[in-house]
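Reviewing the structure listed below.
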Amino acid sequence: MSERTRIGPAVDAELWERFRQDVKSRKGAIRGNLGNELDRALREYLKDEASPTERRIDQRLARIEEAAGIATADGGVDLSDAETHTRPDTEPDTSPPDSKPSANAASEKKVRWLAEQLIQQEVPNTRELESVPADTVRELVVDAYGFRSDTAKRYVEMLKEEFGLVAHPHNDCILVTEDKRESLIRDGMEGSK
């Protein structure tokens, strides 16, 4: 941490009080937080007041990132494979990618790749996924991309939707297809007669 210094310029009293109350409401206390928040506010101000050269560099970097297809990780739009035409008769590519998509690839592309990995892991011969342990799906998602729990949960839901998986009628730890679920329910009802 850099050396601290006391400042003493006079500022607008009402603005200063609003700043203090904002720090208190966000941080829970003024003491121990006021100086850090003032540092942060000054850094933000200086960032907004970047030199023309810094602004040009930032603008160029943004254009390069956009052209390269770099978007925010997870949920960003993968522009690297974007089609340059808009013919209405062109179907979107729904085949699984040949290699693992990058973290900033489109979610749909990552889900297609994860779905293919799940098939290869669980049913490589038949390629017909009828049931799978819920933990297996979650572990695949987390191991592949290291997502936080909320993002991993979202990807598990997308994979469930991709395969049409629902909860097993008698075991919450297993996911099954709708057809398999109906079959299990029917078999259970017939067995109880």
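Stretch Glu161-Ala41 to full length: gain in nm at 0.36 nm per residue minus the Cα-Cα span?
On the way: separation 120, 0.36 × 120 = 43.20 nm, distance 4.43 nm.
Extra length available between Glu161 and Ala41 comes to 38.8 nm.
Based on the Cβ-Cβ distance from Ser2 to Asp150, what FRET efficiency comes out when R0 is 30 Å, to the nearest 0.05?
Working: r = 35 Å, r/R0 = 1.17.
Between Ser2 and Asp150 the formula returns 0.30.
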Lys100-Leu61 pseudo-label distance in nm [points 7 Å out on the Cα-to-Cβ vector]: 2.7
Alpha-carbon centroid distance for the pair the stretch 126-193 / the stretch 8-29, whole angstrom: 52
Dipole of the stretch 107-191, positive direction: furthest Cα of Gln120, Gly164, Ala144, with charges on the beta-carbon: Ala144
Cα-based reach from Lys160 at 25 Å (exclusive), listing lysines while leaving out same-chain residues under 8 positions away: Lys100, Lys109, Lys110, Lys180
Residues Arg26 and Asp143, FRET efficiency given R0 of 45 Å [Cβ-Cβ distance, rounded to 0.05]: 0.80
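We did not get these values from a lab; they are worked out from the coordinates using the rules stated. In this text the structure is predicted, and so the values were computed from the model without any measurement. Ideal geometry is used to build each Cβ from the backbone, glycine not excepted, and the neighbour counts take in all protein chains shown.
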